[in-house]
Amino acid sequence: MSTRPPTLRVKRRYLLIRIEPAGTIIDQKDLHYAISDAVTSLWGDAVAAVIMSAVVASEGQYMIIRCQRGAEQDLSIALSTITKCCEIPIALRLVAASGTINTLREKIRRVKIPESESISPRECTFDKKLFQINACNGQKIDVIEKGFKNTNRLFLTREDLEEL
Amino acid sequence: MKITDACVYPYPRGDSSVRRMALDAKALGFDRLVAADTPSGEFYGIEIVTGTLIRDTPIRDLINQIKRQRNNAAVVSVQAGDNGYNRSAISVKGVHILRGLHSADKNAFDHITAKIAADNRVAIDLDLSPLLFGRGFTRQRALLRYRDILVLERRYEFPLTLSSYARSILDMRAVREITGLCSLFGMDTPDVEMAFSGVDIITSLPDSAVRVI
């Protein structure tokens, strides 16, 4: 099948999203299914077919999602209803929208911050419990309680730890 | 007018400290958070207001509890019940917000309750968590209720508030995302801005009946 001339091609838009919490590794395919599920659940099959969402690229914490031009708003509303992917709690933060992937890649390079700063010690106490520091970015510190039970992630700041 | 999330649950009820929630709220475009059972303060430029939620309490006990709250500047919310309970609850002086109407009885909020809410300047809360976490019937019912509340709000002009009920920073949404979610039940941008500043309306002193010119 030959490529269509530019005037007959479907116009597309690309959304740059950041996955939170930091350090969460999500497979592109799993995220695609999560987005597809959210779009279908919110808008139904008919609108989902118009939106034509697809995950086209990923760079660390960032992912680029494709949709049809004019459907960005519908897609971004559906993205905000995603709370889990493969039973991992996540949040998708919309960073930018563009007509080309290249612009978004440049944007990633511009805004990219160090994945996780080194912090010493790697253990800390909070609320009289021992935690292991999982991710650290500026003021933000994510910790996981040490032990076999209750290994939930807590989201704190440096000040929370300094206060103790 | 400050952009306010009218209910969040920081640690120990949730998994994020109030400071972290404030830090993320700033990035998401908020100016103020009403944090349940958390002392008031200001972190990273975000004002934290204490929120108190009273639920499953008979009216007599509700009045006593509110009397105890009167000295501290907390935003007092009451969980909605049946229609009679709601009418009584919003008539009590000191109640700021009526919450949970999406899960209350179908007739829990009618035109008379709306009129009382407008007269007493009690806000009706729109909980965004069923839109974020709910799927299918749960979300449809919430959308239907909110649409109905908006019809009454346009007629009687009682204040509205928007709450994420976030127990984690992952449950918090940006102002723009909330505007998008509110468009699902017919709220346009000025309506959303008004609802974001609903806490300002209910916590400010009412205009006096007599004005000296």
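The values are calculated or read from the model by the stated rules, or taken from the named source; none is laboratory data. Note that the structure is a prediction, hence the values are computed from the model and not measured. Neighbour counts are summed over all protein chains in view; Cβ atoms, including those assigned to glycine, are modelled from backbone coordinates with ideal geometry.
Which condition number does B:Ile46 fail, the rest of (1) of a type in the set (A, V, I, L, M); (2) under 15 Å from the mean Cα position of the chain (by Cα); (3) crowded, with 19+ Cβ neighbours inside 10 Å being met?
Of the numbered conditions (1) of a type in the set (A, V, I, L, M); (2) under 15 Å from the mean Cα position of the chain (by Cα); (3) crowded, with 19+ Cβ neighbours inside 10 Å, the odd one out for B:Ile46 is (2).
Which of the helices (runs of 4 or more DSSP H) found entirely inside the stretch B:143-213 contain at least 1 residues meeting this: within 14 Å of chain A (Cβ to nearest Cβ) and over 18 Å from B:Ala104 (Cβ atoms)?
Result: B:175-182, B:189-196.
Can you name the condition, by its number, that B:Ala118 falls short on among (1) more than 15 Å from the chain's Cα centre (by Cα); (2) assigned to a helix (DSSP H, G or I); (3) small (Gly, Ala, Ser)?
All conditions pass for B:Ala118, except number (1).
Is the stretch A:81-88 home to any residue that is in contact with a Pro (Cβ under 8 Å, 6 or more places away or on another chain) and β-branched (Val, Ile, Thr)?
yes
Tally the residues that are farther than 17 Å from A:Gln61 by Cβ and either at pLDDT 90 or above or surrounded by 10 or more Cβ atoms within 10 Å (Cβ to Cβ) (or both), restricting the search to the stretch A:9-31.
4
Anything in the stretch A:9-60 that is in a loop (DSSP other than H, G, I, E, B) and either of a type in the set (Asp, Glu) or within 21 Å of B:Arg135 (Cβ to Cβ) (or both)? List them, or say none.
Residues satisfying the conditions are A:Ile26, A:Asp27, A:Ser53.
Give B:Leu28, B:Leu53, B:Leu33 a once-over and let me know the one that is aliphatic (A, V, I, L, M) and either within 12 Å of chain A (Cβ to nearest Cβ) or more than 27 Å from B:Val92 (Cβ to Cβ) (or both).
When all the criteria are applied, what remains is B:Leu28.
Across the stretch A:130-151, which residue is surrounded by the most Cβ atoms within 10 Å (Cβ to Cβ) among those that are in a strand (DSSP E or B) and away from chain B (no Cβ under 11 Å)?
If we take residues in the stretch A:130-151 being in a strand (DSSP E or B) and away from chain B (no Cβ under 11 Å), then A:Phe131 is surrounded by the most Cβ atoms within 10 Å (Cβ to Cβ).
Within the stretch B:40-91, track down each residue that is assigned to a loop (DSSP other than H, G, I, E, B) and touching a Leu at 6+ places or on another chain (Cβ under 6 Å).
B:Tyr44, B:Ala80
Any residue that is at pLDDT below 85 and more than 9 Å from chain B (Cβ to nearest Cβ) - is there at least one of those in the stretch A:152-159?
There is no residue in the stretch A:152-159 that is at pLDDT below 85 and more than 9 Å from chain B (Cβ to nearest Cβ).
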